[in-house]
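In what follows, a structure is listed as structure tokens, so that the remarks can point back to it.
The values are calculated or read from the model by the stated rules, or taken from the named source; none is laboratory data. Quantities reported herein were computed from a predicted structural model and do not represent experimental measurements. Every residue, glycine as well, gets a Cβ built from its backbone with ideal geometry; the counts of neighbours run over all protein chains shown. Protein only, heavy atoms only, side chains kept; ligands, DNA and RNA dropped before computing areas. Shrake-Rupley method; radii C 1.70, N 1.55, O 1.52, S 1.80 Å.
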Amino acid sequence: MSLKNLDKQYAQRRQTYRAVLDNPFTNEGSLWPHVKDQQQVWELIQTILLARCRALADAEVPAPEWPLGITTSFNEIVTLLQHENDDNDQSNRSPLLLLVCNKDHGVSSVVLQQIPLLAYMSPRKVTLVQLPRGALATIQTQLKSDCTEGLLLAWGDELQSLVNQITAKIDQPQLPWLDQVKFEPTALKLLKTTAPLKKPVEKAGKK
Amino acid sequence: MSMNRSQAEKFKDIHLNHKYNLIHMLPSTEVPALSGFYLKSFYNGTKRYRLRLPESIVEPDSKFCGNCGAVRIPLFNTDMSITESNNEATSESTRTLQYTCLHCKNQAQVAPVRVQKQTPVNVKQSVGAKEEEQKQDKVNKKTSSARERAKKRKKSTLSDMLSQKNEEKKSKSFSLSLESMIQND
């Protein structure tokens, strides 16, 4: 194989990326929403979210009593995003923040491949944030847990302002091909009617 | 009738985009049974133009179901979860991402990661396509030393392959010429 041949292959390859991935319908080129001010967003997350978790962990507050919820387990994240109304959990109404270390070494891109679609398809409002390189190590030390999949889901009412600030800096994901398959609840309405309180007496009399 | 180069490229782009979009359109048309057919058609198209697609698309079982060809959409036609299976012989467990296609009920395991029980931080990473290789490796030799791996890496560099090929050519031509001389004699 000559160098010229290799060059040809490379050129063809780049062409494909453009044609197939930068297609406005599937829009795979921008599957991960673009973060405008990466450094500032990451600092916000560190100071507001991670430092607070660290403080709570250091004070040895048991996990169920935490004012905010946090999980790094893949399966738990999937189930949380799946259900619109799970019980009367407080996680139900509060905003969801899904942090992904998709640029870090040791995080499998295959595992994370469906995450943007999952966030997009979720019936709840999820803010998906991709973190800069090296974020995984920081999360691991602050939370004292091995965050194997590079995912972190946080929720809680006190995160509202953080989520608002971050959302302003993130492009809204645009995946037109998913809009048609997204679940939309049927608009059911109740009709107000009246029903008699007493049962008809005649039947009992006949017997 | 023939197209000039730019026209041909434009046609190629439109052609492929159309096929690719069709695959993504299918889940909403409620005829998911056709997805295998359209996927095959798209792959044939890329083969005709000799294009190499990015790994995220071509990787078996990851973007499309390996059985029915439906494009995976979580919460719509795919369930996903991380499962862990124990291997008692090596005291390791393997974490894999399991996709379940809700259309054909096919289960696929991708991205296996070996986790050692003593040190959960030490994680060896590998990606779907290497899955089978790994399995074979496990059977053949349970641990490959760092030196061996380094050797392998050295051998597989491009320049080495080139030089190897050149050498082969030389030896071939040499032997051929010898033979021909003998024959001539």
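In this structure, does A:PRO116 turn out to be modelled with pLDDT of 85 or more, part of a loop (DSSP other than H, G, I, E, B) and touching a Pro at 6+ places or on another chain (Cβ under 8 Å)? Break it down into steps so the answer makes sense when it comes.
Details: modelled with pLDDT of 85 or more: yes; part of a loop (DSSP other than H, G, I, E, B): no; touching a Pro at 6+ places or on another chain (Cβ under 8 Å): yes.
No: the conditions fail for A:PRO116.
May I ask you to list the residues in segment B:63-88 that are within 11 Å of chain A (Cβ to nearest Cβ) and under 15 Å from B:HIS103 (Cα atoms)?
Hits for segment B:63-88 are B:LYS63, B:VAL71, B:ARG72, B:ILE73, B:PRO74, B:LEU75, B:PHE76, B:ASN77, B:THR78, B:ASP79, B:MET80.
Six or more apart or on different chains, Cβ under 6 Å: which pairs go from a residue in segment A:170-189 that's away from every other protein chain (no Cβ under 14 Å) to one that's outside any loop (DSSP other than H, G, I, E, B) and not aromatic (Phe, Trp, Tyr)? Could you list them?
That search, which allows pairs on different chains as well, returns A:ILE170/A:VAL35.
For segment A:96-106, check the following and say yes or no: at least one residue is at pLDDT below 85, surrounded by 19 or more Cβ atoms within 10 Å (Cβ to Cβ) and either within 11 Å of chain B (Cβ to nearest Cβ) or part of a loop (DSSP other than H, G, I, E, B) (or both).
Checking segment A:96-106: not a single residue is at pLDDT below 85, surrounded by 19 or more Cβ atoms within 10 Å (Cβ to Cβ) and either within 11 Å of chain B (Cβ to nearest Cβ) or part of a loop (DSSP other than H, G, I, E, B) (or both).
Would you mind listing the helices (runs of 4 or more DSSP H) fully within segment B:1-96 where at least 2 residues are closer than 30 Å to A:GLY150 by Cα and in the same structural domain as B:GLN109 (by TED's automatic domain parsing)?
Once the helices (runs of 4 or more DSSP H) in segment B:1-96 are filtered for at least 2 residues that are closer than 30 Å to A:GLY150 by Cα and in the same structural domain as B:GLN109 (by TED's automatic domain parsing), what remains is B:5-29, B:55-58.
Assess whether A:SER161 counts as being open to solvent by 10 Å² or more (accessible area, probe 1.4 Å), out of contact with any helix residue (DSSP H, G or I) (no Cβ under 8 Å at 6 or more places or on another chain) and assigned to a helix (DSSP H, G or I).
Values: open to solvent by 10 Å² or more (accessible area, probe 1.4 Å): yes; out of contact with any helix residue (DSSP H, G or I) (no Cβ under 8 Å at 6 or more places or on another chain): yes; assigned to a helix (DSSP H, G or I): yes.
Yes, satisfied.
Pairs under 6 Å by beta carbon, first residue without any contact (Cβ under 8 Å) to a residue 40 or more places away in the chain in segment A:18-41, partner assigned to a loop (DSSP other than H, G, I, E, B), six or more apart or different chains?
Pairs that qualify, where the first residue is without any contact (Cβ under 8 Å) to a residue 40 or more places away in the chain and the partner is assigned to a loop (DSSP other than H, G, I, E, B), are A:GLY29/A:ASP22.
Let's see how each residue does on (1) at pLDDT below 90; (2) out of contact with any His (no Cβ under 6 Å at 6 or more places or on another chain); (3) open to solvent by 30 Å² or more (accessible area, probe 1.4 Å):
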{"position": "A:GLU28", "(1), (2), (3)": "yes, yes, yes"}
{"position": "A:LEU31", "(1), (2), (3)": "yes, yes, yes"}
{"position": "A:TRP42", "(1), (2), (3)": "no, yes, no"}
{"position": "A:LEU56", "(1), (2), (3)": "yes, yes, no"}
